[in-house]
1. Go through the stretch 35-62 and give me each residue that's surrounded by fewer than 20 Cβ atoms within 10 Å (Cβ to Cβ) and either over 20 Å from Ala162 (Cβ atoms) or aromatic (Phe, Trp, Tyr) (or both).
2. Between residues in the stretch 168-190 that are over 15 Å from Phe155 (Cβ atoms) and free of Cβ contacts under 8 Å to residues at least 12 places away in the same chain and residues that are charged (D, E, K, R) and not in a helix (DSSP H, G or I), which pairs lie under 7 Å by C-beta distance while being six or more apart or on different chains?
3. Could you go through the stretch 70-83 and let me know if any residue there is assigned to a helix (DSSP H, G or I), surrounded by 22 or more Cβ atoms within 10 Å (Cβ to Cβ) and modelled with pLDDT of 95 or more.
4. If I filter the stretch 49-58 for residues that are in contact with a strand residue (DSSP E or B) (Cβ under 9 Å, 6 or more places away or on another chain) and closer than 23 Å to Ala182 by Cα, do I get at least one hit?
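The values are calculated or read from the model by the stated rules, or taken from the named source; none is laboratory data. Every value quoted in this text rests on a predicted model; they were computed, and no experiment measured them. Backbone-built Cβ (ideal geometry, glycine too); neighbour counts: all protein chains shown.
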Amino acid sequence: MIVIQEWWGLNAHIRNLADRYAAAGFSALAPDLFRGRVTQDPDEASHMMDGLDFAGATHQDIRGAALHLQRTAGRVGVVGYCMGGALTIAAAVHVPEIAAASCFYGIPPADFAAPEQIRIPFQAHFAQRDDWCTPQAVDQLEAAMRAAGRSPEIFRYDAAHAFCNETRAEVYDAACAKLAFARTVEFFARTLA
């Protein structure tokens, strides 16, 4: 599976998640979309995300990772967090080698990757206390997918945005993170088999 970073860069948190997915039995690859740049400053993270070529990241970096994994591991899934969650949806729409996708609290602009265009198994995890991927935005995503005849697995958690990030004590929710990780592992075990 491909593990896509948050806007902080390919930091210890994302590397740890990739290691946890690998320990769960998956070949896990986390492409470095910021080419070595990592920060803890929200303003710098915002600047790095705003400077990212999302189409290039989707069609080159993520697709390249999918092609590499497909040669060695067969079916390929993608999971991403925050900015990586938005790119997970983009990959589910635009990267034909992706067989399943699990998105964590990220939604791209519909003109770049409309969720109703997803035709593969799709799971998503969202926080009820999120001012970026608001509950209303999640409702719209789910309604669009269901109106298109899709059957997404959408989970909502009584938590804040980035609730899986154990390096951010102000938002981390251990119980929700554990449940979301278990659901994701089960989802990929089922859809990538």
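1. Arg35, Gly36, Gly51, Asp53, Phe54, Ala55, Gly56, His59, Gln60
2. Tyr172/Glu166
3. Yes, the stretch 70-83 contains a residue that is assigned to a helix (DSSP H, G or I), surrounded by 22 or more Cβ atoms within 10 Å (Cβ to Cβ) and modelled with pLDDT of 95 or more.
4. Within the stretch 49-58 (the criterion being in contact with a strand residue (DSSP E or B) (Cβ under 9 Å, 6 or more places away or on another chain) and closer than 23 Å to Ala182 by Cα), the answer is no, since none of the residues qualifies.
Results for (1) touching a Phe, Trp or Tyr at 6+ places or on another chain (Cβ under 8 Å); (2) basic (Lys, Arg), shown as yes or no for each residue.
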| residue | (1), (2) |
| --- | --- |
| Gly9 | yes, no |
| Gly36 | no, no |
| His47 | no, no |
| Arg75 | no, yes |
| Glu97 | no, no |
